[in-house]
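Student: After the structure tokens below, expect a handful of questions from me.
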Amino acid sequence: MACKTISFLFFCFLFISIDSIYSQETDPETDCRNRWIHVRRLPPRFNLDLLPNCSEYPLFENFCPYLANHGLGPKTHHKSQSWYRTNPLLLELIFHRRMLEYPCLTSDPNQANAIYLPYYAAIDALRYLYGPDVNNSMEHGLELYYYLQENEGWIWSRNHGVDHFLVMSRPAWDFSQSVDVDPPIWGTSFLELPEFYNVTALIVERRAWPWQEQAVPYLTSFHPPNLGLLESWIKRVKASRRTTLMLFAGGGGVGSTPNIRRSIRNECENSSFSDGSNTYVNNGGGYDYSNMRKVCDIVDCSNGICEHDPIRYMRPMLQATFCLQPPGDTPTRRSTFDGIVAGCIPVFFEEQSAKSQYVWHLPEEMYRGFAVFIPKEDVVFKGLRILDVLRGIPRNEVRRMRERVIELIPRVVYRKHGSSSGLRAIKDAFDIAVEGALRRINSRLKAGDFDQ
């Protein structure tokens, strides 16, 4: 009950009234052409009323402590201005809060180029995944659909939902159970409901085929409130001494079944350069590792111990040249974006881990400039050593790749709500996601490419 009391007090100060937001005049210098968004009014049972249940699921973590600071979580320490113990589940809440600051909001749906649905889909899914409604998981989303039909239904029906978008803070796999499965297995059927086929879903991991899904970055723990703090962090990243060649922060890989995480652990535990030392200079211009203290480092994040403790993994990432990003239960990882924030060059083992996912934030044509790709099959089944690949990259190329990674930092960070005007001039993960959703919706409306 204490948790609910705390949450209730939190709700009282969470959101500025949507009416007061709409009553504010748009800055005349802001170009809102083709950018107008209407925030659909939903009853709190679809968003805020879900938050007091933060401790109700014994098989899922209690996320009540991370509701602080409008979903950013508690600060990592009392003097911190940019670093929080952020729970990735709360992207929907953070996105909602940021949307209320969007400069081109309109109270008139007819003026809007897009309709934002402030529905906390992943939080609502908990009752189907871990709670009392597990046997009704194919119904997830129907209550929302019926509400949209029965209340100002013309907003939905005029474009059959094509101009609507929402955010989902769990991988698509968790919402992709077939509606015909009986008995239910893992997941809900939200993304399989024909009723929502036309809606654009901004999701942390998309499937390979459905067009309605678009991946957006996972939350990191870095949420700067002003330009000075962002620039200060980037300066620190640039100056950081890279004394570890490659790093893996994560769990898994301890069983006997061959997989990429097990191969990484085995290589790290037995790693050394070809002469048995930490010094290697490739005659063809490969990277000079004479300053390396470690060939490979592992930050054990088993059982979720790193999720709310960024200090545990950010310091090692700042010291590493390459950050290994193997797939786990699903292809993508929050750690990919933690590593980018630390200026650590990502090493991917599946195309679905990032290249074909985050095309708005990490354009596909840029990948060779900031990331390394090593097919996992070559490592697991053909004996290819990750070390041999990385040490063969020329030092100038490594330097250029790190520069490109550092340039990406603002694009993958969700800045703090209420941030300074100077920082707002730089597009962050939220800005890029909203712009992408608007382009996608406009393109589909012009093409008439949707189900009616």
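The values are calculated or read from the model by the stated rules, or taken from the named source; none is laboratory data. Because the structure is a prediction, the values reported are computed rather than measured. Cβ atoms come from the backbone with ideal geometry, glycine included; neighbour counts cover every protein chain shown. SASA here: full protein model, heavy atoms, side chains in, ligands and nucleic acids out. Shrake-Rupley method; radii C 1.70, N 1.55, O 1.52, S 1.80 Å.
Student: Can you spot a residue in segment 179-187 that is aliphatic (A, V, I, L, M), free of Cβ contacts under 8 Å to residues at least 24 places away in the same chain and farther than 17 Å from Phe46 by Cα?
Tutor: Yes, segment 179-187 contains at least one residue that is aliphatic (A, V, I, L, M), free of Cβ contacts under 8 Å to residues at least 24 places away in the same chain and farther than 17 Å from Phe46 by Cα.
Student: Within segment 290-301, track down each residue that is crowded, with 18+ Cβ neighbours inside 10 Å and in a loop (DSSP other than H, G, I, E, B).
Tutor: Answer for segment 290-301, where residues must be crowded, with 18+ Cβ neighbours inside 10 Å and in a loop (DSSP other than H, G, I, E, B): Met292, Cys301.
Student: For the list (1) open to solvent by 70 Å² or more (accessible area, probe 1.4 Å); (2) more than 24 Å from Thr330 (Cβ to Cβ); (3) not polar (S, T, N, Q), I need the number of the one condition that Tyr197 fails.
Tutor: Going through (1) open to solvent by 70 Å² or more (accessible area, probe 1.4 Å); (2) more than 24 Å from Thr330 (Cβ to Cβ); (3) not polar (S, T, N, Q) one by one, Tyr197 breaks only (2).
Student: Which ones in segment 398-434 are open to solvent by less than 70 Å² (accessible area, probe 1.4 Å) and without any contact (Cβ under 8 Å) to a residue 12 or more places away in the chain?
Tutor: Asp431, the sole residue that qualifies.
Student: Does any residue of segment 187-194 turn out to be open to solvent by 40 Å² or more (accessible area, probe 1.4 Å), more than 28 Å from Pro410 (Cβ to Cβ), part of a loop (DSSP other than H, G, I, E, B) and not polar (S, T, N, Q)?
Tutor: No, segment 187-194 has no match at all.
Student: Could you list, in sequence order, the residues of segment 69-94 that are under 25 Å from Glu205 (Cα atoms) and in a loop (DSSP other than H, G, I, E, B)?
Tutor: Hits for segment 69-94 are Leu72, Gly73, Arg85, Thr86, Asn87.
Student: Only one of (1) surrounded by fewer than 21 Cβ atoms within 10 Å (Cβ to Cβ); (2) modelled with pLDDT under 95 fails for Arg334. Which number is that?
Tutor: Arg334 satisfies every listed condition except (2).
Student: Can I ask one more? Look through segment 302-324, keep the residues that are closer than 21 Å to Val254 by Cβ and more than 19 Å from the chain's Cα centre (by Cα), and return whichever of them is surrounded by the fewest Cβ atoms within 10 Å (Cβ to Cβ).
Tutor: Asn303
Student: Further question: Got a number for residues in segment 74-101 being within 16 Å of Ile305 (Cα to Cα) and under 16 Å from the mean Cα position of the chain (by Cα)?
Tutor: 6
Student: Further question on the same structure: Can you tell me how many residues within segment 336-352 are aliphatic (A, V, I, L, M), touching a Ser or Thr at 6+ places or on another chain (Cβ under 7 Å) and part of a strand (DSSP E or B)?
Tutor: The qualifying residues number 1.
Student: Another question, if that's okay. Looking only at segment 69-89, how many residues end up being in contact with a Leu (Cβ under 9 Å, 6 or more places away or on another chain), of a type in the set (Phe, Trp, Tyr) and open to solvent by 20 Å² or more (accessible area, probe 1.4 Å)?
Tutor: Of the residues in segment 69-89, 0 are in contact with a Leu (Cβ under 9 Å, 6 or more places away or on another chain), of a type in the set (Phe, Trp, Tyr) and open to solvent by 20 Å² or more (accessible area, probe 1.4 Å).
Student: Taking segment 307-335 only, how many residues are aliphatic (A, V, I, L, M) and not in a strand (DSSP E or B)?
Tutor: 4
Student: Restricting attention to segment 135-177, report how many residues are in contact with a helix residue (DSSP H, G or I) (Cβ under 9 Å, 6 or more places away or on another chain), in a loop (DSSP other than H, G, I, E, B) and of a type in the set (D, E, K, R).
Tutor: 2
Student: Being open to solvent by less than 10 Å² (accessible area, probe 1.4 Å), among the hydroxyl-bearing types (Ser, Thr, Tyr) and more than 19 Å from Leu50 (Cα to Cα) is the filter here, so list the residues in segment 90-147 that pass it.
Tutor: If the condition is that a residue be open to solvent by less than 10 Å² (accessible area, probe 1.4 Å), among the hydroxyl-bearing types (Ser, Thr, Tyr) and more than 19 Å from Leu50 (Cα to Cα), then Thr106 is the only one that fits.
Student: Shifting gears a bit: What is the one condition in (1) among the acidic types (Asp, Glu); (2) more than 26 Å from Tyr66 (Cα to Cα); (3) free of Cβ contacts under 8 Å to residues at least 60 places away in the same chain that Asp174 does not satisfy?
Tutor: (2)
Student: Oh, and also: Can you pull out the residues in segment 435-452 that are open to solvent by 70 Å² or more (accessible area, probe 1.4 Å) and either of a type in the set (Lys, Arg) or in contact with a Pro (Cβ under 7 Å, 6 or more places away or on another chain) (or both)?
Tutor: If the condition is that a residue be open to solvent by 70 Å² or more (accessible area, probe 1.4 Å) and either of a type in the set (Lys, Arg) or in contact with a Pro (Cβ under 7 Å, 6 or more places away or on another chain) (or both), then Arg439, Lys446 are the ones that fit.
Student: Hey, another quick one. Here is a check on your reading of the model: is Val347 modelled with pLDDT under 95, touching a strand residue (DSSP E or B) at 6+ places or on another chain (Cβ under 6 Å) and either open to solvent by 10 Å² or more (accessible area, probe 1.4 Å) or β-branched (Val, Ile, Thr) (or both)?
Tutor: Against the criterion (modelled with pLDDT under 95, touching a strand residue (DSSP E or B) at 6+ places or on another chain (Cβ under 6 Å) and either open to solvent by 10 Å² or more (accessible area, probe 1.4 Å) or β-branched (Val, Ile, Thr) (or both)), Val347 does not qualify.
Student: Determine whether segment 381-388 contains at least one residue that is without any contact (Cβ under 8 Å) to a residue 40 or more places away in the chain, touching a helix residue (DSSP H, G or I) at 6+ places or on another chain (Cβ under 7 Å) and surrounded by 21 or more Cβ atoms within 10 Å (Cβ to Cβ).
Tutor: First, the residues of segment 381-388 that are without any contact (Cβ under 8 Å) to a residue 40 or more places away in the chain: 382-384, 388.
Filter once more, keeping what is touching a helix residue (DSSP H, G or I) at 6+ places or on another chain (Cβ under 7 Å): 384.
This time we only want the ones that are surrounded by 21 or more Cβ atoms within 10 Å (Cβ to Cβ), so: none.
Scanning segment 381-388 turns up no residue that is without any contact (Cβ under 8 Å) to a residue 40 or more places away in the chain, touching a helix residue (DSSP H, G or I) at 6+ places or on another chain (Cβ under 7 Å) and surrounded by 21 or more Cβ atoms within 10 Å (Cβ to Cβ).
Student: Another question about this same structure. Could you please tell me which pairs satisfy a Cβ distance under 6 Å, a separation of 6+ or placement on different chains, a first residue in segment 29-52 that is within 28 Å of Phe63 (Cβ to Cβ), and a second residue that is open to solvent by 70 Å² or more (accessible area, probe 1.4 Å) and in a helix (DSSP H, G or I)?
Tutor: Pairs that qualify, where the first residue is within 28 Å of Phe63 (Cβ to Cβ) and the partner is open to solvent by 70 Å² or more (accessible area, probe 1.4 Å) and in a helix (DSSP H, G or I), are Pro52/Lys4.
Student: Are any of the residues in segment 419-428 of a type in the set (A, V, I, L, M, F, W, C) and not in a helix (DSSP H, G or I)?
Tutor: Yes: segment 419-428 contains one or more residues that are of a type in the set (A, V, I, L, M, F, W, C) and not in a helix (DSSP H, G or I).
Student: Specify the residue that is nearest to Phe322 (Cα to Cα); the eligible residues are those in segment 354-403 that are in a loop (DSSP other than H, G, I, E, B) and among the aromatic types (Phe, Trp, Tyr).
Tutor: Tyr358
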